[in-house]
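Colleague: Right, I'll just put the structure down here and ask away after.
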Amino acid sequence: MANPKFEGVNGLKPVLMFDSGIGGLTVLREARVLIPERGFIYVADDAGFPYGGWEEEALTARILDLFENLLATHDPEICVIACNTAFTLAGAALREKFPHMTFVGTVPAIKPAAERTRSGLVSVLATPGTVKRAYTRDLIQSFASQCHVRLVGSPDLARMAESYIRGETVTDADILTEIGPCFMEREGAKTDIVVLACTHYPFMANVFRRLAPWPVDWLDPAEAIARQARRKVPLVEGAEHPDSYDFAVFTSGNPDFATRRLMQGFGLKA
Ligand code: DGL
């Protein structure tokens with residue numbers, strides 16, 4: 001779609017929310033509750049989806065290029081990188097290249113998981129990209145060295161989540177193949193927390209709960225990210241959300257019908 005310019009809508013800059021696909025909507029829905037007075041621009045790099053298997057250098061270059069353009073076009077108040085795979089790789093480079101922009105990131109919720117686990121067995125369910133990041137290893141070393149953390153890199157789950165949320169059939173058996181490795185038993189103890197370290201996965205949390213061999217906490221960081229975004233967006237007395245403003249941008253320029261309908265369901269023009 002043509003990107004409406006923001007100026008003059010309610011005088012406030014919008015929040016730009018970025019993901020490789022539709023996963024960032026799980027963060028958007030929380031952010032809107034906490035930042036009701038701002039317009040939102042949802043950007044899906046669907047032409048690059050999925051990010052999980054990308055080579056690191058090429059993906060960083062792609063994300064930096066995209067932001068060059070996004071910032072010039074939309075002039076947002078802040079950017080929320082609602083994608084673990086993108087932020088654990090390119091977060092530092094984005095902040096370095098665009099020092100005047102505030103980037104709120106998404107990283108695997110390893111610290112809260114380590115604080116909450118009682119069994120000491122924690123799994124991190126993520127894309128293969130996030131699992132291999134130095135950033136993720138550093139989080140484990142800094143905050144969870146007393147736990148046994150299993151990194152489970154799923155090559156297909158983000159795509160399955162996209163299909164699922166569009167109403168297509170995804171079989172229980174296929175989902176179980178992806179989440180099964182999260183469940184560990186050691187010396188009588190069992191995994192009690194699974195970190196949802198890809199913003200696509202919370203869409204399927206109910207299915208995960210149903211298929212899990214035993215109950216665990218499925219840690220979704222969306223609310224914490226939204227709270228951080230709220231802290232970074234100045235409150236303006238009396239400001240109200242601009243009418244019918246929020247919209248989605250797809251880098252393919254051509255989202256399919258089911259995706260457009262989904263966006264409409266989230267109150268985003270696409
Ligand atoms: N939603 C993204 C994340 O949080 C990744 C999905 C993908 O592109 O593979 O990691």
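Since every read-out is calculated from the coordinates, none of them should be taken as a lab result. Quick caveat, the model's predicted, so the values are computed rather than measured. Because the Cβ atoms are built from the backbone with ideal geometry, glycine has one as well, and the counts that use them run over all protein chains shown.
Colleague: Tell me which lysines have Cα within less than 29 Å of Lys132's Cα, excluding those fewer than 8 residues away on the same chain?
Modeller: Lys132 reaches Lys97, Lys111, Lys190.
Colleague: Please compute one quarter of the surface area of the Cα convex hull for the range 130-270 and express it in square nanometres. Mind showing how you got there, number by number?
Modeller: Numbers: hull surface 47.5 nm².
The number I arrive at for the range 130-270 is 11.9 nm².
Colleague: Quick query: amide H of Asp217 versus all other amide H atoms, modeled in the peptide plane; which residues come in under 5 Å with a sequence gap of 5 or more or a different chain?
Modeller: Here Ile193, Val194 satisfy the definition.
Colleague: FRET efficiency for Ser252 and Asp217, Cβ-Cβ distance as r, R0 = 25 Å, nearest 0.05? Mind showing how you got there, number by number?
Modeller: Values: r = 36 Å, r/R0 = 1.42.
Here the calculated transfer efficiency is 0.10.
Colleague: At a threshold of 8 angstrom on Cα-Cα distance, excluding pairs fewer than six apart, so keeping six or more, what relative contact order does the chain reach in percent? Don't skip to the end; give the middle numbers.
Modeller: Numbers: 486 pairs, mean separation 73.1, N = 270.
With pairs under 8 Å counted, the relative contact order is 27 percent.
Colleague: Taking 0.36 nm per intervening residue step and subtracting the Cα-Cα distance, what contour gain separates Ser244 from Ala205 on full extension? Present the calculation step by step, with values, prior to reporting the outcome.
Modeller: Values: separation 39, 0.36 × 39 = 14.04 nm, distance 2.99 nm.
Value of the extension gain: 11.0 nm.
Colleague: Moving on. Would you please calculate the Kirkwood hydrodynamic radius of the chain over all C-alpha pairs and express it in Å, rounded to one decimal? Each step should come with its number before you reach the end.
Modeller: Values: mean 1/r = 0.0526 Å⁻¹.
19.0 Å is the Kirkwood radius here.
Colleague: Then there's this: Within the range 57-144, report the trypsin sites (Lys or Arg not before Pro) that DSSP leaves as loop and that have at most 15 other Cβ atoms within 10 Å.
Modeller: Arg118
Colleague: Something else about it: If you take the square roots of the eigenvalues of the alpha-carbon gyration tensor of the range 33-162 and sort them as a ≥ b ≥ c, do you get rounded (a/c under 1.5), prolate (a/b over b/c) or oblate?
Modeller: Details: a/c = 1.86, a/b = 1.57, b/c = 1.19.
Verdict is prolate for the range 33-162.
Colleague: Would you mind telling me which residue in Leu25, Leu235, Leu211 has the biggest mean-square fluctuation in a Gaussian network model of the chain, where springs connect alpha carbons within a distance under 10 angstrom?
Modeller: Result for the chain, Cα springs under 10 Å: Leu235 fluctuates most.
Colleague: Between Lys132 and Thr169, how high is the FRET efficiency from 1/(1 + (r/R0)^6) when r is the Cβ-Cβ distance and R₀ = 35 Å? Nearest 0.05.
Modeller: Details: r = 30 Å, r/R0 = 0.87.
Efficiency, rounded to the nearest 0.05: 0.70.
Colleague: Which of the aspartates and glutamates could be linked to Lys13 by a straight reach, that is with a Cα gap under 16 Å, when you skip same-chain ones fewer than 8 residues away?
Modeller: Glu37, Asp75, Glu77, Glu237, Glu240, Asp243, Asp246
Colleague: How large is ³J(HN,Hα), in whole Hz, for each residue of the range 189-202 in order, when computed from phi with the Karplus curve 6.51 cos²θ - 1.76 cosθ + 1.60 and θ = phi - 60°, using x for Gly and Pro?
Modeller: Taking θ as phi minus 60°, the curve returns 9, 10, 3, 10, 9, 10, 7, 7, 9, 8, 5, 6, 5, x Hz for the range 189-202.
Colleague: Pop a pseudo-label 7 angstrom from the Cα along the beta-carbon direction at both Glu237 and Lys269 and give the gap in nm to one decimal.
Modeller: Spacing of the two 7 Å Cα→Cβ label points: 3.2 nm.
Colleague: Rounded to the nearest 5, what is the percent of antiparallel bridges among the DSSP beta bridges in the chain?
Modeller: Within the chain, antiparallel bridges account for around 5 percent of the total.
Colleague: Would you kindly work out the equivalent ellipsoid of the range 1-96 from its C-alpha gyration tensor and give its semi-axes, the square roots of five times the eigenvalues, largest first in whole Å?
Modeller: One finds semi-axes of 23, 15, 12 Å for the range 1-96.
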